[in-house]
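Just so it is clear, none of the values below were taken in a lab; they were calculated from the coordinates. Predicted, not measured: the structure shown is a model, and the values here were computed from it. Cβ sites come from the backbone with ideal geometry, for glycine too, and all protein chains shown count toward neighbours.
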Amino acid sequence: MTDASLREVYRPTHDENARQRFVGVLKGYANGALEARLDEHYSARLEPAFVAARGRPPADRDEATPLFEPEPLYQLWGSLVYASQDLMWQTVGETCRRILPDFEARAARTTGQAGGTLSLSPTLALPEPIASTQIHRQPGGYFARHAPHELLTGLLYFGTVELYRAAKGLSANAPVGEPGMARYILSVVQKHYPELQPRRILDLGCGPGTETIGLKQAFPDAEVHGLDLSAPFMRFAHAWAEDCGLPLHFRQADARDTGYPDGHFDLIVSHILCHETWHDVLPAIFTEAHRLLAPGGLLLNADVPYQPQRLSIPKLVTNHWQVRNNGEPFWTGFADSEVPALLRAAGFAEDEVHASYEPLGAGAYYFFGGRRGAASATRREAA
């Protein structure tokens with residue numbers, strides 16, 4: 001084949017695309033129209049029956065879940081969600097394994113051309129339970145080596161993002177690998193902190209690195225780093241950035257112990273890191289981020305708006321089903337956490353902490369973090 005870019009190499013065939021579009025529609029139906037019917041069923045029958053027996057509605061998901069479990073509609077919903085996840089990995093896997101030789105060959109030719117760096121840590125101890133969890137039920141998980149095909153793990157994850165983008169109609173006029181979430185996150189940064197002009201940026205828990213690229217595109221003069229526990233993701237991210245001609249710096253490390261110097265970054269962002277890690281480690285991650293910020297620097301995390309006080313009882317039940325059955329084991333722990341309190345405990349002052357729900361499509365996304373002011377730096381040095 002011609003010396004196409006990695007964007008051009010990732011191209012499903014007609015039949016692969018048709019199957020992936022079907023999966024996208026199936027997921028949309030299960031998590032949209034069918035879940036809405038489940039909500040109506042709860043309001044019309046399950047909740048009234050509970051009220052008649054107890055004199056009050058269910059207080060939480062633990063009380064409500066047993067009401068749903070014998071219901072055929074709930075069982076159908078769970079079956080479709082579970083099956084659609086299997087089909088997603090199957091159909092995306094077909095494309096990824098077919099293009100893998102050309103993808104690897106192109107990556108081998110372009111790696112090293114843009115001047116970025118890749119730092120791996122073969123002796124890094126992967127923390128449990130993250131190390132043995134197949135998040136999203138990705139076959140092999142985020143740390144699978146698939147030797148000698150070091151790029152396959154990142155490519156599989158990347159392919160599922162493309163499937164979701166197509167299902168939401170976001171890919172028609174955008175290139176493969178469009179870093180849309182990075183642009184969205186930076187729009188929130190600009191909204192709340194318009195004066196911020198970062199010289200060094202860290203994408204914490206950057207996964208396959210496509211959003212890290214968006215950070216560099218937005219701030220071309222900044223030094224941009226991406227960090228993740230997964231060596232396969234870091235290999236993919238480095239190859240993708242080099243092919244794009246962008247000098248990014250990727251490091252395999254634990255977000256609790258990054259190895260960067262104090263005060264090294266003016267902006268630290270993350271996307272869905274917090275709900276894909278065990279909630280018990282969040283305090284240490286926030287403390288490390290506070291250490292890494294220069295005076296005036298900003299930490300801003302973007303994550304799912306699934307805090308219990310925002311959700312209906314049916315949504316609490318279906319979300320917890322995902323935790324138990326569908327590769328999202330850390331959702332509940334994150335959603336139940338009082339994140340602003342954790343940020344304050346990490347060293348951010350009350351007036352430095354940020355927490356807001358920002359509009360995204362018909363819904364919202366949860367943004368939280370903090371800015372390290374001069375007073376904060378003084379407090380830390382005194383401690």
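Between ALA18 and GLU195, what's the calculated FRET efficiency when r is the beta-carbon distance and R0 is 51 Å? Round to 0.05. The formula returns an efficiency of 0.60 here.
Converting phi to 3J(HN,Hα) with the Karplus coefficients 6.51, -1.76 and 1.60 and the offset θ = phi - 60°, segment 98-109 yields 5, 8, 4, x, 5, 4, 5, 5, 4, 4, 5, 6 Hz in sequence order, with x at every glycine or proline. Were the residues from ALA105 through ARG344 laid out at 0.36 nm apart, the gain over their Cα-Cα distance would be 81.3 nm.
Each of THR153, THR332 was scored by other Cβ atoms within 10 Å of its Cβ. Arranged with the fewest first, they read THR332, THR153. The phi-based Karplus calculation (6.51 cos²θ - 1.76 cosθ + 1.60; θ = phi - 60°) puts the 3J(HN,Hα) values of segment 335-352 at 4, 7, 7, 8, 4, x, 5, 5, 5, 5, 5, 7, x, 6, 6, 3, 7, 9 Hz, whole numbers, x for Gly and Pro. Scalar couplings 3J(HN,Hα) for segment 213-228, obtained by applying the Karplus form with A = 6.51, B = -1.76, C = 1.60 to θ = phi - 60°, are 4, x, 5, 5, 5, 6, 10, x, 8, 7, 8, 10, 10, x, 10, 7 Hz; x denotes Gly and Pro.
Provide SER230, SER337, SER84 in ascending order of the number of other Cβ atoms located within 10 Å of each residue's Cβ, fewest first.
SER337, SER84, SER230
Against the empirical curve 2.2 N^0.38 Å, the C-alpha radius of gyration of segment 170-382 lands at a ratio of 1.00.
Could you please report the charge total around GLU288, scoring K, R as +1 and D, E as -1 over all other residues with beta-carbon less than 11 angstrom from its beta-carbon? For residues surrounding GLU288, the net value is -1.
Near the amide H of LEU248, within less than 5 Å, lie the amide hydrogens of GLY116, THR117, all on another chain or at least 5 residues away, with H placed in the peptide plane. Each Cα pair of segment 160-223 feeds into the Kirkwood radius, which the Stokes-Einstein equation turns, at 25 °C and 0.890 mPa s, into a diffusion coefficient of 192 µm²/s.
Annotation: amide H of TYR365 within the under-5 Å range of GLU358, LEU360, sequence separation 5 or more or interchain, hydrogens built in the peptide plane. Within the chain, the longest run free of exposed loop sites, counting GluC sites (Glu not before Pro) that sit outside DSSP helix and strand states (H, G, I, E, B) and have at most 11 other Cβ atoms within 10 Å, spans 1-194. Binning the C-alpha pair distances of the chain at 20 Å intervals from 0 yields a P(r) profile of 27, 56, 17, 0 %, listed from the shortest bin outward. What's the FRET efficiency of ARG37 with ARG97 using the Cβ-Cβ distance as r and R₀ = 51 Å, to the nearest 0.05? For R0 = 51 Å, the calculated efficiency reads 0.90. Put in line by how crowded their Cβ is, counting other Cβ atoms within 10 Å and starting with the fewest, ILE135, ILE268, ILE99, ILE201 read ILE135, ILE99, ILE201, ILE268. Full extension of the segment from TYR164 to ALA83, taken as 0.36 nm per residue of separation minus the current Cα-Cα distance, would add 27.6 nm.
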